[in-house]
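S.K.: I'd like to ask you about the structure that follows.
The values are calculated or read from the model by the stated rules, or taken from the named source; none is laboratory data. Given the structure is predicted, the values throughout are model-derived calculations rather than measurements. Backbone-built Cβ (ideal geometry, glycine too); neighbour counts: all protein chains shown.
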Amino acid sequence: MRFGIVTDSCCDLPRSFLDEHGIVILPITITGADGKPFVDGRDTAATLKFYKERLAKGDTTFESAPLSADDIKKLFLERLVVEYDYVFCLTVMASRSLIHANASQAALQMLGAYKPLRESAGVAGPFSLRVFDSYNLFTGQGLIVAEAARLAREDKSSLEIIRQIERLQATTQAFLIPENLGQLRQQARRKGDKSVGLMSYMMGSALDIKPIVRGFQGDTTPVGRIRGFEAGCKKLFDTAVEHIQNGLDAPFVCVSYGGDPARLDKMPGYARLKQAAEAKGVTVLASEMSLTAGVNIGGGGLSVAFASPREAVFE
């Protein structure tokens, strides 16, 4: 059976991994105060240019727009129903975006339309499509996509892949830490998100206190605070190492940085993370952070995700 994987551009995975596994990206359009739209399709060079020319120069007001249900349906029908027999579509958490709702609507609308397309292309057999809410975002979403791609590459059955996706929906934890609180607070205020209030922002800026925000089981909440960005990054890497050593539910740790990911090699704790992962047969997938994350938490932020039966605790 020919398996296909579809996700959206919130997914933090290296471009090389996406290309190797033929993962299809649903792009998101990001528009700043200047009204110029940017279509985010997880193109590394374009993403890094955006970080350098837009975020680094003080732009703080952005709107993002996913593909409509009709646009997603068109992509499904024009490409996927002929190229694949079974497609897994894994989206950013539904509580933060309309992508899951639009993809689900598109899947329902195409049910009666795909058969003539396969027949005219000479493709025999049925076609199946499942849309999943990853219940996570950015590196957390990327981890579930990576695991689905790994299982598909190993010719696991559709049922085995579905069961693992459902397991990871419950156990994947993604953590984000901003380098600068200004962008995070600006976007949170625009969206009515009170997780970074004025007093917390003022105190955090003055004392260099950084919040640690977790994506987990369909929700995003602050789970800790730490003084200093590099200390916070090291804490996230050390936490991932602890969970690697105690056993993960999938053999990946996903890491993303709001800019050139080459900076990761200079961060305290990252080398230890890679060493611990290699010792346990775990792959560290490092990439530039998606622009949807970048415009919300600002350039220079860090995200780390792993799937573990134990919740990480930050004191």
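S.K.: Being out of contact with any helix residue (DSSP H, G or I) (no Cβ under 8 Å at 6 or more places or on another chain) and without any contact (Cβ under 8 Å) to a residue 60 or more places away in the chain is the requirement here; does ALA276 meet it?
M.R.: Working: out of contact with any helix residue (DSSP H, G or I) (no Cβ under 8 Å at 6 or more places or on another chain): no; without any contact (Cβ under 8 Å) to a residue 60 or more places away in the chain: yes.
So ALA276 does not fit the description; no.
S.K.: Within the bounds of the stretch 107-121, is there any residue that is without any contact (Cβ under 8 Å) to a residue 60 or more places away in the chain and under 15 Å from LEU26 (Cα atoms)? Before you say what the answer is, go through the steps one by one.
M.R.: Residues of the stretch 107-121 that are without any contact (Cβ under 8 Å) to a residue 60 or more places away in the chain, as a first pass: 107-121.
If we keep only those that are under 15 Å from LEU26 (Cα atoms) as well, we get 107.
Within the stretch 107-121, one or more residues are without any contact (Cβ under 8 Å) to a residue 60 or more places away in the chain and under 15 Å from LEU26 (Cα atoms).
S.K.: Which of the numbered conditions does GLY122 fail, given that it passes all the others? Conditions: (1) part of a helix (DSSP H, G or I); (2) surrounded by fewer than 16 Cβ atoms within 10 Å (Cβ to Cβ).
M.R.: It fails just one condition, (1).
S.K.: When the residues of the stretch 223-244 are filtered to those that are assigned to a strand (DSSP E or B) and surrounded by 14 or more Cβ atoms within 10 Å (Cβ to Cβ), which remaining residue is nearest to the chain's Cα centre (by Cα)? Full working, then the answer.
M.R.: First, pick out the residues of the stretch 223-244 that are assigned to a strand (DSSP E or B): 223-227.
Add one more test, that the residue is surrounded by 14 or more Cβ atoms within 10 Å (Cβ to Cβ), and what stays is 223-226.
On the way: VAL223: 19, GLY224: 21, ARG225: 22, ILE226: 23 Å.
Only one residue tops the list, namely VAL223.
S.K.: Let me ask something additional. So, in the stretch 157-178, how many residues would count as being in contact with a strand residue (DSSP E or B) (Cβ under 9 Å, 6 or more places away or on another chain) and more than 19 Å from PHE216 (Cβ to Cβ)?
M.R.: Residues meeting the conditions: 3.
S.K.: Kindly evaluate ALA124 against the criterion of being in contact with a strand residue (DSSP E or B) (Cβ under 6 Å, 6 or more places away or on another chain) and small (Gly, Ala, Ser). Quick ask: steps written out before the conclusion?
M.R.: On the way: in contact with a strand residue (DSSP E or B) (Cβ under 6 Å, 6 or more places away or on another chain): no; small (Gly, Ala, Ser): yes.
Judged against the criteria, ALA124 is not a match.
S.K.: Considering GLY41, GLY22, which residue is closer than 19 Å to GLU147 by Cβ, in contact with a strand residue (DSSP E or B) (Cβ under 9 Å, 6 or more places away or on another chain) and not aromatic (Phe, Trp, Tyr)?
M.R.: Details: GLY41 fails: closer than 19 Å to GLU147 by Cβ.
Only one candidate passes the filter, namely GLY22.
S.K.: May I pose another question? What number of residues within the stretch 90-128 are farther than 17 Å from CYS11 by Cβ, at pLDDT below 95 and not small (Gly, Ala, Ser)?
M.R.: Residues in the stretch 90-128 being farther than 17 Å from CYS11 by Cβ, at pLDDT below 95 and not small (Gly, Ala, Ser): 13 in total.
S.K.: I would also like to ask the following. Which number in (1) more than 20 Å from TYR135 (Cα to Cα); (2) touching a Phe, Trp or Tyr at 6+ places or on another chain (Cβ under 9 Å); (3) at pLDDT 95 or above; (4) not polar (S, T, N, Q) marks the one condition that GLY218 misses?
M.R.: That leaves (1) as the condition not met.
S.K.: Another one. Go through the stretch 156-178 and give me each residue that's assigned to a loop (DSSP other than H, G, I, E, B) and at pLDDT below 95. Give the steps one after another, and end with the answer.
M.R.: Within the stretch 156-178, the first condition is being assigned to a loop (DSSP other than H, G, I, E, B), and the residues that meet it are 156-157, 178.
The answer is PRO178, and nothing else.
S.K.: While we're looking at this one, here's another question. Any chance the stretch 303-314 includes a residue that's farther than 15 Å from ILE212 by Cβ, polar (S, T, N, Q) and in contact (Cβ under 8 Å) with a residue 60 or more places away in the chain?
M.R.: In the first step, residues of the stretch 303-314 are kept if they are farther than 15 Å from ILE212 by Cβ; the result is 307-310.
Subset that is polar (S, T, N, Q): 308.
If we keep only those that are in contact (Cβ under 8 Å) with a residue 60 or more places away in the chain too, we end up with 308.
Yes; the residues of the stretch 303-314 include at least one that is farther than 15 Å from ILE212 by Cβ, polar (S, T, N, Q) and in contact (Cβ under 8 Å) with a residue 60 or more places away in the chain.
S.K.: Residue by residue through the stretch 128-154, note down the ones that are over 22 Å from ALA305 (Cα atoms) and either crowded, with 24+ Cβ neighbours inside 10 Å or without any contact (Cβ under 8 Å) to a residue 12 or more places away in the chain (or both).
M.R.: GLU154
S.K.: Surrounded by 19 or more Cβ atoms within 10 Å (Cβ to Cβ) and at pLDDT 95 or above - does that describe any residue in the stretch 26-36?
M.R.: To start, the set of residues in the stretch 26-36 that are surrounded by 19 or more Cβ atoms within 10 Å (Cβ to Cβ) comprises 26, 28, 30.
Cutting the leftovers down to at pLDDT 95 or above gives us 26, 28.
Yes, that holds for at least one residue.
S.K.: Inspect all residues belonging to the stretch 1-16 and state whether any of them is part of a loop (DSSP other than H, G, I, E, B) and free of Cβ contacts under 8 Å to residues at least 24 places away in the same chain. Please lay out each step first, then the result.
M.R.: Filtering the stretch 1-16 for residues part of a loop (DSSP other than H, G, I, E, B) gives 1-2, 9-14.
Okay, now just the ones that are also free of Cβ contacts under 8 Å to residues at least 24 places away in the same chain, so none.
No - not one qualifying residue is present in the stretch 1-16.
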